[in-house]
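Read the structure below first, then the notes.
The values are calculated or read from the model by the stated rules, or taken from the named source; none is laboratory data. Not measured: the values here are computed from a predicted model. Positions of Cβ are backbone-derived with ideal geometry, glycine not excepted, and every protein chain shown enters the neighbour counts.
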Amino acid sequence: MHFTDVALGAAPTKEIAWPSPMTTHNKQQLLSLVIPVYNEEDVIPALLPQLVQALQDVDIEHEIIVVDDGSSDGTWKLLCDAAHRRSDISLLRLSRNFGKEAAIMAGLRECTGDAAIVLDADLQHPPRMLVEMTEQWLQGDVDIIHAVKSDDHNAPTMDRVTSHWFGRLFRRMTGYEIRGATDYKLLDRRVIDVLNELQDYNLFFRGTTLWLGFRHRNIYFELGNRRGGQSKWTPMSRLRLGITAITSFTALPLHLMTVVGLISFLFAIVMGVHTLYNKISGVAVEGFTTVILLLLIFGSLITLSLGVIGAYLSKIHDEVRDRPRYLIAEEVLRDREQAD
Ligand code: UDP
Ligand code: MG
């Protein structure tokens, strides 16, 4: 076709009715559940039956992959008992506590499903939503389903406030909205494959799955109560995840340091001219207080800048060492031949 054909022909319709490229799903497809667990002996006995119950309402084959992120309580034993009884459960045991993101990535690498749903073990992510997520995916027009908290009044106040403000800061800096975002997500196989290709040592799962794009949508849920045990996050581990999130998504803090440096420079020029003028005109400068204040202000700014540079440097260090994100100490894999 020549361009003139288009120019002279009838006005193109607004929507092009291409044949649907959508994948067709059927009962032969496999859904993987990926669950990171760390010292969850109090919730495992409630979790597994609820998952199995929810999966009965999903018209698809499934496997459950539980990744023990270096638990020191009876979690692994409980999991082994469960895997012994059920052929749909596979287990990975990391060699130590590598953190939730690493545990999720270990599970995603191991899973063989046409789609995977990642969810927490403590039943704060309601298993009944598995049905809705899977049904939506089976329609074939979505690759990622993000389960978003519509209400998090069950979370501790401090966590709510910090995650709200961090979410605002993150959106300002990166353009990605993570307020309400959770790690409860359905990922199509092609998304899982792309994620597995990523080499990032420091990965912020919640943000990276947004960054990936693909055909995605949100579904909303009310965050449940933790079924037992305690949150595994300490203020320190939250701070670490926050630093990982920002450093892996934007270099803006580094650029801000340059801006602060420029402003300080302008301030220094004004102060310098003023001081010289006073000296030349013979007016004694009120020196001591000014010097102390300037030392404190610029000392803090320089230390702060070094801290920001240090944060990026340590992340770069993590990446160039090229160490594996996690190490697997033990695995109990379902008999795929038998199960298929
Ligand atoms: N988790 C993990 N490794 C960790 C910390 C947590 O695998 O180092 C798991 C934990 O067992 C749970 C999920 O990540 O299944 C969410 O953790 P938690 O409920 O403590 O987080 P919160 O809901 O308080 O954000
Ligand atoms: Mg929780």
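Select, from VAL270, VAL291, VAL260, the only residue that is modelled with pLDDT under 85 and of a type in the set (Val, Ile, Thr).
Only one candidate passes the filter, namely VAL291.
Taking the residues in region 96-110 that are basic (Lys, Arg) and part of a helix (DSSP H, G or I) as candidates, determine which candidate is farthest from SER237 (Cα to Cα).
Selected residue: ARG109.
Quickly run through region 174-195 and pick out the residues that are small (Gly, Ala, Ser) and either surrounded by 20 or more Cβ atoms within 10 Å (Cβ to Cβ) or at pLDDT 95 or above (or both).
ALA181, the sole residue that qualifies.
Taking region 265-296 only, how many residues are of a type in the set (S, T, N, Q) and exposed (fewer than 10 other Cβ atoms within 10 Å of the Cβ)?
2
Restricting to region 42-58, name every residue that is in a helix (DSSP H, G or I) and surrounded by 19 or more Cβ atoms within 10 Å (Cβ to Cβ).
Selection gives ILE44, LEU47, LEU48, LEU51, LEU55.
On the basis of being surrounded by fewer than 22 Cβ atoms within 10 Å (Cβ to Cβ), part of a loop (DSSP other than H, G, I, E, B), β-branched (Val, Ile, Thr) and away from ligand 1 (no atom under 16 Å from the Cβ), does VAL142 make the cut?
Answer is yes for this residue.
Which pairs have Cβ atoms under 6 Å, sit 6 or more apart or on different chains, and link a residue in region 299-319 that is in contact (Cβ under 8 Å) with a residue 60 or more places away in the chain to one that is in a helix (DSSP H, G or I)?
Within 6 Å, the pairs are ALA311/ILE243; ALA311/THR247; TYR312/THR247; LYS315/THR247.
What number of residues within region 165-185 satisfy the criterion of being within 23 Å of ALA121 (Cα to Cα), more than 16 Å from ligand 2 (Cβ to nearest atom) and of a type outside the set (D, E, K, R)?
Total satisfying the criteria: 1.
If you go through region 133-154 one residue at a time, how many are out of contact with any His (no Cβ under 8 Å at 6 or more places or on another chain), within 16 Å of ligand 2 (Cβ to nearest atom) and among the aliphatic types (A, V, I, L, M)?
Qualifying residue count, region 133-154: 1.
Test ARG168 against the criterion of being at negative phi, in a loop (DSSP other than H, G, I, E, B) and within 17 Å of the chain's Cα centre (by Cα), and give yes or no.
no
Quick check: anything in region 62-73 crowded, with 17+ Cβ neighbours inside 10 Å, part of a helix (DSSP H, G or I) and touching a Pro at 6+ places or on another chain (Cβ under 7 Å)?
no
Can you report the number of residues in region 112-139 which are within 16 Å of ligand 1 (Cβ to nearest atom) and assigned to a loop (DSSP other than H, G, I, E, B)?
Adding up the residues that qualify gives 9.
Being surrounded by 20 or more Cβ atoms within 10 Å (Cβ to Cβ) and not hydroxyl-bearing (Ser, Thr, Tyr) is the filter; apply it to region 89-98 and report the residue that is farthest from LEU31 (Cα to Cα).
Top of the filtered list is PHE98.
Which pairs do you get when a residue that is in contact (Cβ under 8 Å) with a residue 40 or more places away in the chain, found in region 218-241, comes within reach of a residue that is within 10 Å of ligand 1 (Cβ to nearest atom) and not in a loop (DSSP other than H, G, I, E, B), reach meaning Cβ atoms under 7 angstrom, with the pair 6+ apart or on two chains?
Close Cβ pairs satisfying both conditions: none exist.
Could you give me the residue pairs with C-beta distances under 7 Å whose first residue belongs to region 120-148 and is in contact (Cβ under 8 Å) with a residue 24 or more places away in the chain and closer than 24 Å to THR208 by Cβ, whose second residue is basic (Lys, Arg) and within 13 Å of ligand 2 (Cβ to nearest atom) wherever it lies, and which are 6+ apart or on separate chains?
Going by the 7 Å Cβ cut-off, the qualifying pairs are ASP122/ARG226; ASP122/ARG227; GLN124/ARG226.
When you check LEU130 against the structure, is it closer than 28 Å to SER150 by Cβ, away from ligand 2 (no atom under 16 Å from the Cβ) and of a type in the set (A, V, I, L, M), yes or no?
Considered against the rule, which asks whether it is closer than 28 Å to SER150 by Cβ, away from ligand 2 (no atom under 16 Å from the Cβ) and of a type in the set (A, V, I, L, M), LEU130 comes out as yes.
Out of the residues in region 196-251 meeting the condition of being of a type in the set (Phe, Trp, Tyr), away from ligand 2 (no atom under 16 Å from the Cβ) and part of a helix (DSSP H, G or I), tell me which one is surrounded by the most Cβ atoms within 10 Å (Cβ to Cβ).
Selected residue: PHE249.
Being closer than 18 Å to SER248 by Cβ, crowded, with 16+ Cβ neighbours inside 10 Å and within 16 Å of ligand 2 (Cβ to nearest atom) is the requirement here; does ILE104 meet it?
Spelling it out, ILE104 is indeed closer than 18 Å to SER248 by Cβ, crowded, with 16+ Cβ neighbours inside 10 Å and within 16 Å of ligand 2 (Cβ to nearest atom).
Which one of these is modelled with pLDDT of 90 or more, within 25 Å of the chain's Cα centre (by Cα) and not basic (Lys, Arg): GLY74, GLY113?
Only one candidate qualifies: GLY113.
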